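As structure tokens, the structure follows; a few thoughts come after it.
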Amino acid sequence: MLCTGFNVVGFNWIASPAATELESIVMDWMAKMMKLPSKFLFSGGQGGGGVLHGSTCEAVVCTLAAARDKALNKFGFDCITKLVVYASDQTHFTVQKASKIIGIPPCNFRSIPTSASSGYGLHADDVRQGMKVDIAQGFMPLYLCATVGTTAVGAVDPLLELGQVAREFGVWFHVDAAYAGSSAICPEFRSYFDGVELADSISMNPHKWFLTNMDCCCLWLRSPAELVDSLSTNPEILRNKATDEKEVVDYKDWQIALSRRFRAMKLWLVIRRYGVAGLMEHIRSDVGLAKHFEKLVRMDTRFEVVVPRRFSLVCFRLKTRFGATSDDDGLKTNRRLLDAVNSSGRAFMTHALIDGKFVIRFAIGTTLTEMCHVDATWKLIQDIATGLLL
Ligand SMILES: *Cc1c(COP(=O)(O)O)cnc(C)c1O
């Protein structure tokens with residue numbers, strides 16, 4: 001309300017020094033809370049820093065553009081048809097879309113298969129092998145995206161191993177922690193981020209699990225200068241002393257649009273309002289509720305938890321042998337269960353297809369969810385299942 005009411009339009013530093021300065025401050029605060037390596041912080045003194053984008057999609061487009069321009073400047077503009085982007089089959093579709101937007105031929109996007117054996121995490125050897133094969137065929141590996149907390153099932157890619165592969169092949173390494181990045185503020189989840197020191201960039205969305213309103217995506221870079229090289233423009237109309245003297249950050253060069261909102265204000269308010277302890281309590285409470293739900297699912301033999309739970313997302317389904325014919329593998333029954341829950345108007349869940357299985361996703365993340373809501377939702381699910389299976 002404050003930002004909208006004041007109508008701050010922070011094109012560049014001179015247009016609203018407060019908007020820029022507070023953004024740099026909260027980006028360092030966030031990075032410190034998440035125990036990110038100091039090279040991603042402005043105060044780390046190694047040229048790193050962070051910016052607030054509206055969405056992960058924009059953050060990925062910008063980092064891809066920076067990686068692309070680095071390659072094109074080095075190898076010539078003709079090589080664009082040879083550049084290859086790597087991700088897992090669980091990676092958010094935004095990476096594929098962003099590759100297309102920045103001019104990578106769609107057939108140069110590699111979606112590497114994952115399986116249940118690794119909890120749907122990406123195997124570093126598969127990536128290494130894929131890159132070797134591509135190089136042998138004249139392609140040029142450009143960008144690798146790893147995810148901490150994939151969208152469908154909350155899987156975690158092994159950052160350390162993948163980061164080493166990225167180093168070996170000299171590709172840009174991006175870590176997408178849109179949802180689960182918030183958990184890094186709690187020591188018990190921080191190990192999922194081991195290896196983040198090898199990343200060129202990392203993004204997470206406070207608007208997902210960090211009590212912050214839409215839209216808010218944190219993007220940190222080891223070397224923002226590479227982003228600025230790709231995205232900066234210096235028209236006469238925007239020239240000013242502060243910019244010319246290179247004393248300030250002009251965030252217009254770190255994003256797609258020129259105009260930008262005072263997004264830092266809401267993140268600053270969230271951090272000041274809850275404090276680190278309050279935010280940790282929020283994450284732990286949601287994970288605790290998800291654990292509780294998972295326990296309830298396991299206690300009812302008609303159901304199964306399909307993918308090991310890591311954060312506050314539980315992926316479950318009705319087992320096949322109850323009420324489903326073997327050929328549809330419970331697909332129809334689970335779809336009917338989900339439709340009935342959602343049309344009750346009392347809860348809303350979504351689904352994923354994992355290895356051909358229809359899986360229901362129970363996710364907790366909002367401000368006011370309590371144990372009583374989880375229990376009531378589980379009762380609703382059980383009652384509907386009983387009706388379906390009669
Ligand atoms: C939600 C999500 C995204 C997309 O985020 P937007 O901010 O809507 O662009 C990307 N990656 C992961 C892992 C997500 O969970």
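The values are calculated or read from the model by the stated rules, or taken from the named source; none is laboratory data. It should be emphasised that the depicted structure is a prediction, and the values quoted were computed from it without experimental measurement. For neighbour counting, all protein chains shown are included, and Cβ atoms are generated from backbone atoms with ideal geometry for every residue, glycine included. Heavy atoms of the whole protein, side chains included, go into the accessibility calculation; ligands, DNA and RNA do not. Shrake-Rupley method; radii C 1.70, N 1.55, O 1.52, S 1.80 Å.
Answer yes or no as to whether residue 237 is open to solvent by less than 40 Å² (accessible area, probe 1.4 Å), among the β-branched types (Val, Ile, Thr), more than 20 Å from residue 87 (Cβ to Cβ) and more than 16 Å from the ligand (Cβ to nearest atom).
No.
Please indicate, with yes or no, whether at least one residue in the range 308-329 is out of contact with any strand residue (DSSP E or B) (no Cβ under 7 Å at 6 or more places or on another chain), at pLDDT 90 or above and open to solvent by 50 Å² or more (accessible area, probe 1.4 Å).
Checked the range 308-329: at least one residue is out of contact with any strand residue (DSSP E or B) (no Cβ under 7 Å at 6 or more places or on another chain), at pLDDT 90 or above and open to solvent by 50 Å² or more (accessible area, probe 1.4 Å).
If a residue must be closer than 23 Å to residue 258 by Cβ and either open to solvent by 30 Å² or more (accessible area, probe 1.4 Å) or touching a Ser or Thr at 6+ places or on another chain (Cβ under 6 Å) (or both), how many such residues does the range 217-229 contain?
The number of residues fulfilling the criteria is 7.
Hey, among the residues in the range 31-85 that are crowded, with 18+ Cβ neighbours inside 10 Å and in a loop (DSSP other than H, G, I, E, B), which one's nearest to the ligand (Cβ to nearest atom)?
Result: 54.
Could you list all residues from the range 92-111 that are away from the ligand (no atom under 16 Å from the Cβ), in contact with a helix residue (DSSP H, G or I) (Cβ under 8 Å, 6 or more places away or on another chain) and open to solvent by 20 Å² or more (accessible area, probe 1.4 Å)?
103, 105, 106, 110
Going by what's in this entry, would residue 234 be described as farther than 30 Å from residue 369 by Cα and either in contact with a helix residue (DSSP H, G or I) (Cβ under 7 Å, 6 or more places away or on another chain) or touching a residue at least 60 places away in the same chain (Cβ under 8 Å) (or both)?
no
Do we have any residue at all in the range 208-216 that's surrounded by 24 or more Cβ atoms within 10 Å (Cβ to Cβ), within 11 Å of the ligand (Cβ to nearest atom) and touching a residue at least 60 places away in the same chain (Cβ under 8 Å)?
Checking the range 208-216: at least one residue is surrounded by 24 or more Cβ atoms within 10 Å (Cβ to Cβ), within 11 Å of the ligand (Cβ to nearest atom) and touching a residue at least 60 places away in the same chain (Cβ under 8 Å).
Surrounded by fewer than 24 Cβ atoms within 10 Å (Cβ to Cβ) and either more than 11 Å from the ligand (Cβ to nearest atom) or in the same structural domain as residue 41 (by TED's automatic domain parsing) (or both) - does that describe any residue in the range 177-185?
Yes - at least one qualifying residue is present in the range 177-185.
In the range 255-263, is there at least one residue being open to solvent by 60 Å² or more (accessible area, probe 1.4 Å), assigned to a loop (DSSP other than H, G, I, E, B) and within 13 Å of the ligand (Cβ to nearest atom)?
Yes, that holds for at least one residue.
Find all pairs meeting these conditions: Cβ atoms under 6 angstrom apart; at least six residues apart or on different chains; first residue within the range 164-191 and outside any loop (DSSP other than H, G, I, E, B) and modelled with pLDDT of 95 or more; second residue open to solvent by 10 Å² or more (accessible area, probe 1.4 Å) and within 16 Å of the ligand (Cβ to nearest atom).
183/189
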